[in-house]
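**Q** Just dropping this structure here.
Rule-based calculations on the coordinates, nothing more; no lab input. All values reported here derive from a predicted model rather than from experimental measurement. For neighbour counting, all protein chains shown are included, and Cβ atoms are generated from backbone atoms with ideal geometry for every residue, glycine included.
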Amino acid sequence: MNPHWRSFLESTDACFAAEQPEVLNFGDAPAELLAASQGTVLVPLTHLAVLAASGDDARAFLHSQFTSDINHLGEAAAQHAGWCTAKGRMQASFVVWHQNGAYRMLLAADLLDATAKRLQMFILRSKVKLATESDTVLLGVAGPQATEALADAGLSAPATTLSVTDKDGVTVIHVDGQRYILALPVSQLPTLWQKLGLKARPAGVPVWRWLDVQAAFPLVSLATKEEFVPQMADFEKIGGVSFHKGCYPGQEIVARTQYLGKVKRHLYRLSADTPLAAGAELYSPDNLEQASGKVMLGAPSPTGGHVALAVVQSNYAGNLRLGARDGAAVTAVAVNPL
């Protein structure tokens, strides 16, 4: 994490997690969650990072590696993309956009270094340069006054989902609904934070994860790396998979899974009285052979308890337990009912 980024956040009374550079809250976590459900929030997205690819062959290289069609990604657009192993399991998920001749990839911060290192292995003689953008900070703005907050800061809100605007070095991505992600140089942070804060309440990363659950935003992180074929996370339903492009790692398995219609696991929203952490196993008393699901990401709920996104074996979704077959009960509702 950029030290200037952390120093600034500490000056705003941000509370960090002990084990990682993630902002938990700004002193009142319950009120921040309530603000997210009723108003507009400003979140330092310290759990995310940006990887950039530039050079004459950057487009062709990423197109050959990722699950979505990079060749037709325009300048003012963003799209979801996955990067799979040879077995078709996602080792990272991205929001990708094309800007000033480079492709920028938003991903989980705990996968940044490993992803950059492994992608580098496949470049070979291609004219591609990868760079981790340590001087770029990410902010999330969400809620009914999000567009007004952006306008007050001199920024334009992209009109449609997964469209992008760029002004004075600040990129704004319309992620979904009333949510926007901003990528900007750390040097512009103090001024922009102050302007956005006039209409948006500062809140911690758990608030953004709660919004991710509401929006069914399936982010692969270190806890879920290489766990899911894209269709298990309903990734193709958000444009994260193209079935009309050339080969990429795991393409045969992803395509076979799609055309044979043998996906038994899908994306579900969970609710429970106990915390639901990424990577946690889900079991069913009705399934004695193996785990029946895995949590992708979890968060506390403004109304009490906890919620999560999880990949769940559909025929056991009605009877789930957390961590063991006699664990705490979990309620599951399909994001995209069959």
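**Q** Jot down the per residue volume, in cubic angstrom and as a whole number, of the convex hull over the alpha-carbon atoms of the range 81-157.
**A** Values: hull volume 10.3 nm³, N = 77.
So the per-residue hull volume is 134 Å³.
**Q** Given the chain, what percent of its DSSP beta bridges are antiparallel, to the nearest 5?
**A** On the way: 72 of 74 bridges.
Taking every DSSP beta bridge with both residues in the chain, the antiparallel ones total about 95 percent.
**Q** Here is a follow-up. Given the range 179-338, what whole percent of its Cα pairs are spread farther than 29 Å?
**A** Values: 3677 of 12720 pairs.
It works out to 29 percent of all Cα pairs.
**Q** In percent, what relative contact order does the range 49-132 have, based on Cα pairs under 8 Å that are 6 or more apart in sequence? Please report the intermediate quantities before stating the final value.
**A** Working: 147 pairs, mean separation 33.8, N = 84.
Across the range 49-132, relative contact order equals 40 percent.
**Q** With respect to the cross-link table entries K117/K264; K167/K225; K129/K245; K117/K294, which display a Cα-Cα separation exceeding 29 Å? Please report the intermediate quantities before stating the final value.
**A** Details: K117/K264 33 Å; K167/K225 34 Å; K129/K245 23 Å; K117/K294 27 Å.
Flagged as over cut-off: K117/K264; K167/K225.
**Q** Also: In terms of modelled amide H atoms, which long-range or inter-chain residues lie less than 5 Å from the amide H of S68?
**A** Result for S68 returns G82, S242.
**Q** Sequence gap at least 6, Cα distance under 8 Å: using those rules, report the relative contact order of the chain to the nearest whole percent.
**A** On the way: 774 pairs, mean separation 63.8, N = 338.
Relative CO of the chain lands at 19 percent.
**Q** Right, next: Are there chymotrypsin sites (Phe, Trp or Tyr not before Pro) in the range 70-153 that DSSP puts in a loop and that have at most 15 other Cβ atoms within 10 Å, and which ones? It would help to have the intermediate numbers written out before the result.
**A** Details: sites: W83, F94, W97, Y103, F122; in loops: F122.
Filter output for the range 70-153: F122.
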